[in-house]
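Here's the structure, in structure tokens; my notes come after.
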There are 2 protein chains.
Amino acid sequence: MTQQIQPTPETRLPVQNRLEAYAATATFDRPTLVLDVDRMEEQYHALKRGLGRADIHYAVKANPHRAILERLIALGSHFDAASRGEIELCLSLGARAEHVSFGNTIKRAADIAWAHSAGITVFAADCTQELDKIAANAPGAQVYIRLIVETSNADWPLTRKFGCDRAMALELLDYARELGLTPLGFSFHVGSQTRRAEFWEPTLAEMAEVWADAKAAGHALRLINIGGGFPAFYGEAIEAPTDYAAHVMRLVEEAFPGAERIMAEPGRGLVAEAGVIACEVMLASRKSERDMHRWVYLSIGRFSGLAETEGEAIRYEFVTEKDGGPTGPCILAGPSCDSADVLYEKRPMHLPLALEAGDRVLIRNTGAYTSTYSSVCFNGFPPLDVIAI
Amino acid sequence: MTQQIQPTPETRLPVQNRLEAYAATATFDRPTLVLDVDRMEEQYHALKRGLGRADIHYAVKANPHRAILERLIALGSHFDAASRGEIELCLSLGARAEHVSFGNTIKRAADIAWAHSAGITVFAADCTQELDKIAANAPGAQVYIRLIVETSNADWPLTRKFGCDRAMALELLDYARELGLTPLGFSFHVGSQTRRAEFWEPTLAEMAEVWADAKAAGHALRLINIGGGFPAFYGEAIEAPTDYAAHVMRLVEEAFPGAERIMAEPGRGLVAEAGVIACEVMLASRKSERDMHRWVYLSIGRFSGLAETEGEAIRYEFVTEKDGGPTGPCILAGPSCDSADVLYEKRPMHLPLALEAGDRVLIRNTGAYTSTYSSVCFNGFPPLDVIAI
């Protein structure tokens, strides 16, 4: 399905596969994310081969498109849900409740009660207050305690928003049991886009100490949830998914002896490379004879799907019909009247000098964390469209 | 309509007006922006009294809610539209095409053609390429040239995304005429949330020089569009709207002698104070005994309406039912599993120590730039709901 495809007569874009060929030639009313569900399935199998006995709980928030969820359900994947809305979606498409974990550490009490009644059995928590809510609304539920990670080699280490420290984690295992809950073990997150498996080592070393401490304190730990962090290709080298996942699993098995159950929550690493956004150039201009750079404005911006360009964190790869000609630096911006809607300015992008209004542009590996970030109608622009081929 | 209202027996929130009383006591399924259209009308009259002969072109992007647009149409307001979608909305509600300007300097060629066919006569541009598009798709149209502002006292000066420099502006007037367009004059933007009228002075001095240069070069200038920048109250003192607008207009009349037509584009300054968001506390916790601050998680975050907290730019005012009791610093965050979904961390907020999950929270003066920024379904959360009372 992903063999090299020659550009069709209708496109001069240097497409690499069936997905890009479609995105280069189809007619779109507006910026559109095109998903190749077969490509996603290949990635699922590649990750699964490396992850071995670990259960894949797909992080639904990365892309909740129906075609992706349906395929994953058919493949036997499990799911990590961030909200009642995501749980409802998974269940409505046929996922079994025992395969869906409620992994957000911040849950509305009424949503916990609803999830419990819908058959969800596993919940995340990182503080006494959340355990109180779970005990009151999902009596007897299984819980895992999210740990904060102090060390990270990720491209984007997470903040302290999620997770508690080691001392509190052990107290929470006791507290959960006092509340009549069933504490299973721990979860953590190595950080988004951890590009090499060896980068997991310091985090795993830190988590392994908590695991050992908890066992030494007499806790019967059964579960380790290793979260996400599986990378996608955005131009910087990453390891092949099976090798990467297998390497991580060797480290995980060493770090958490006796873990009966291992959960992994790939999101980006599973779906990013199965998507490409088709958009167009709105305008390419200079505003002053003195300007060093051109400005290139696309029909998509930070508020219509490219939210992860905030702080220029992710640098996507762009494909245009003018590729191959001379290039030059440009500031790349979105189409809205919002001055914050600039994609790359500190590190300008190098794009063809011949780019002009109307040229189609593909943005590679945009299957994760794009469509759902899109605003409902900022500046009167409709949300990013999504289709699956 | 906005007289002081005593808290009703149902709420312990210290509400200040009818809008807040409603938001404090009504039942909501999810975070909801409540709009008081009468309050917006009062603000319209207050600004209009100060703006005198200037035409108000409401910046639709600030809040395109139907009730606001319908009321403004009834009041005779004109509109500044950022997209075909906003133009369609205004026209569908009864706005006259000659009262709607297409103010985005980045327009799709097909949208220019559509707007032209729908009767839109005034377009913005800041480069030759955009003028080419306008001439090709809206032959003979009126245009104004957007100038870049190098000096600003705004709370958030705009980037160089919009506007051209002085030398190019004069060339563009000539170029527009060569293309058969009708150049009317200039526009600029003093920067968002310019809190005091006197802060306009350096920008107006800079723009006045371009105006004088253009006249000296023989251009018959008829229009100056002074853009937005009219402030809303977010806790820091601002001037009363009529005084502020009248002061700005005195400066504008001095700066642009002979301007037949003056456009002003308030958005935030017109609707922000007419809205309040009702949400709730999801969780209030500490993650470590060593933590200096609590974390307070709300049911709304950066991706569900509070996008303007990016970089902690806007510090909203929060009202809770625990107000009046002891307070302490907290990091305030949204409910999603995204570590970037943190509202205030560098400068923690001081909120009541007694806050707990389920407590209702009102966020004041949130009528502008909230609902439309909301993501379609990030993390499975529905978009911010909006109702008008």
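Is there any pair linking a residue in the range A:236-247 that is more than 19 Å from A:Asn365 (Cα to Cα) to one that is crowded, with 16+ Cβ neighbours inside 10 Å, with Cβ under 7 Å and at least six apart or on different chains, and which?
Going by the 7 Å Cβ cut-off, the qualifying pairs are A:Asp243/A:Gly50; A:Ala245/A:Leu47; A:Ala245/A:Gly50; A:Ala245/A:Leu51; A:Ala246/A:Gly50; A:His247/A:Ala197.
Each row is one residue, and each column tells you yes or no for (1) touching a Cys at 6+ places or on another chain (Cβ under 8 Å); (2) modelled with pLDDT under 95; (3) hydrophobic (A, V, I, L, M, F, W, C).
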{"position": "B:Ala26", "(1), (2), (3)": "no, no, yes"}
{"position": "B:Asp29", "(1), (2), (3)": "no, yes, no"}
{"position": "B:Asp38", "(1), (2), (3)": "no, no, no"}
{"position": "B:Tyr44", "(1), (2), (3)": "no, no, no"}
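Is the range A:349-367 home to any residue that is facing chain B (nearest Cβ under 7 Å) and open to solvent by less than 10 Å² (accessible area, probe 1.4 Å)?
no
Output the residue which, of all residues in the range B:277-306 that are open to solvent by less than 10 Å² (accessible area, probe 1.4 Å) and not hydrophobic (A, V, I, L, M, F, W, C), is farthest from B:Thr25 (Cα to Cα).
B:Ser288
In the range B:345-389, which residues are closer than 27 Å to B:Gln43 by Cβ, of a type in the set (Ser, Thr, Tyr) and not in a loop (DSSP other than H, G, I, E, B)?
Of everything in the range B:345-389, those that are closer than 27 Å to B:Gln43 by Cβ, of a type in the set (Ser, Thr, Tyr) and not in a loop (DSSP other than H, G, I, E, B) turn out to be B:Ser371, B:Thr372, B:Tyr373.
Applying the selection to the range B:224-245, what residues are crowded, with 17+ Cβ neighbours inside 10 Å and in a helix (DSSP H, G or I)?
Hits for the range B:224-245 are B:Pro241, B:Tyr244, B:Ala245.
Does A:Leu173 fit the bill of being modelled with pLDDT of 95 or more, surrounded by 15 or more Cβ atoms within 10 Å (Cβ to Cβ) and touching a helix residue (DSSP H, G or I) at 6+ places or on another chain (Cβ under 8 Å)?
yes
Quick test for you: out of B:Asp165, B:Asp155, B:Asp174, pick the one residue that is over 24 Å from B:Val248 (Cβ atoms) and of a type outside the set (A, V, I, L, M, F, W, C).
Result: B:Asp174 is the single residue among B:Asp165, B:Asp155, B:Asp174 that is over 24 Å from B:Val248 (Cβ atoms) and of a type outside the set (A, V, I, L, M, F, W, C).
In the range B:368-381, which residue that is in contact with a Lys or Arg (Cβ under 7 Å, 6 or more places away or on another chain) and more than 8 Å from every other protein chain (Cβ to nearest Cβ) is most open to solvent (accessible area, probe 1.4 Å)?
Here the answer is B:Tyr369.
Going residue by residue through the range A:303-311, is there one that turns out to be modelled with pLDDT under 95, farther than 17 Å from B:Ser374 by Cβ and more than 7 Å from chain B (Cβ to nearest Cβ)?
Within the range A:303-311, one or more residues are modelled with pLDDT under 95, farther than 17 Å from B:Ser374 by Cβ and more than 7 Å from chain B (Cβ to nearest Cβ).
Conditions tested, residue by residue: (1) surrounded by fewer than 24 Cβ atoms within 10 Å (Cβ to Cβ); (2) at the interface with chain B (Cβ under 10 Å from one of its Cβ atoms).
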| residue | (1), (2) |
| --- | --- |
| A:Gly103 | no, yes |
| A:Glu130 | no, yes |
| A:Ala135 | yes, no |
| A:Arg177 | yes, no |
| A:Gly185 | no, no |
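Please find, among A:Leu343, A:Leu384, the residue that is of a type outside the set (Val, Ile, Thr), open to solvent by less than 10 Å² (accessible area, probe 1.4 Å) and touching a residue at least 24 places away in the same chain (Cβ under 8 Å).
Exactly one of A:Leu343, A:Leu384 is of a type outside the set (Val, Ile, Thr), open to solvent by less than 10 Å² (accessible area, probe 1.4 Å) and touching a residue at least 24 places away in the same chain (Cβ under 8 Å), namely A:Leu343.
Applying the selection to the range B:312-334, what residues are more than 14 Å from every other protein chain (Cβ to nearest Cβ) and open to solvent by less than 40 Å² (accessible area, probe 1.4 Å)?
Selection gives B:Tyr316, B:Phe318, B:Val319, B:Thr320, B:Gly325, B:Gly328.
Return the residue satisfying two criteria in turn: it lies in the range B:137-170 and is crowded, with 17+ Cβ neighbours inside 10 Å, more than 7 Å from chain A (Cβ to nearest Cβ) and of a type in the set (Gly, Ala, Ser), and of such residues it is nearest to the chain's Cα centre (by Cα).
Once the filter is applied, the top-ranked residue is B:Ala154.
Have a look at A:Glu86, A:Glu42, A:Glu20 and point out the one that is more than 13 Å from every other protein chain (Cβ to nearest Cβ) and buried (at least 21 other Cβ atoms within 10 Å of the Cβ).
Unique residue meeting the criteria: A:Glu20.
Do you know which residues across the range B:246-276 are surrounded by fewer than 24 Cβ atoms within 10 Å (Cβ to Cβ) and either farther than 25 Å from B:Glu42 by Cβ or of a type in the set (Asp, Glu) (or both)?
Of everything in the range B:246-276, those that are surrounded by fewer than 24 Cβ atoms within 10 Å (Cβ to Cβ) and either farther than 25 Å from B:Glu42 by Cβ or of a type in the set (Asp, Glu) (or both) turn out to be B:Glu253, B:Glu254, B:Ala255, B:Phe256, B:Pro257, B:Gly258, B:Ala259, B:Glu260, B:Arg261.
The values are calculated or read from the model by the stated rules, or taken from the named source; none is laboratory data. In this text, all values refer to a predicted model and were calculated from it rather than measured experimentally. Please note: Cβ atoms are built from the backbone with ideal geometry, for glycine as well, and neighbour counts cover all protein chains shown. In case anyone asks, the SASA skips ligands and DNA or RNA and just uses the protein heavy atoms, side chains included. Shrake-Rupley method; radii C 1.70, N 1.55, O 1.52, S 1.80 Å.
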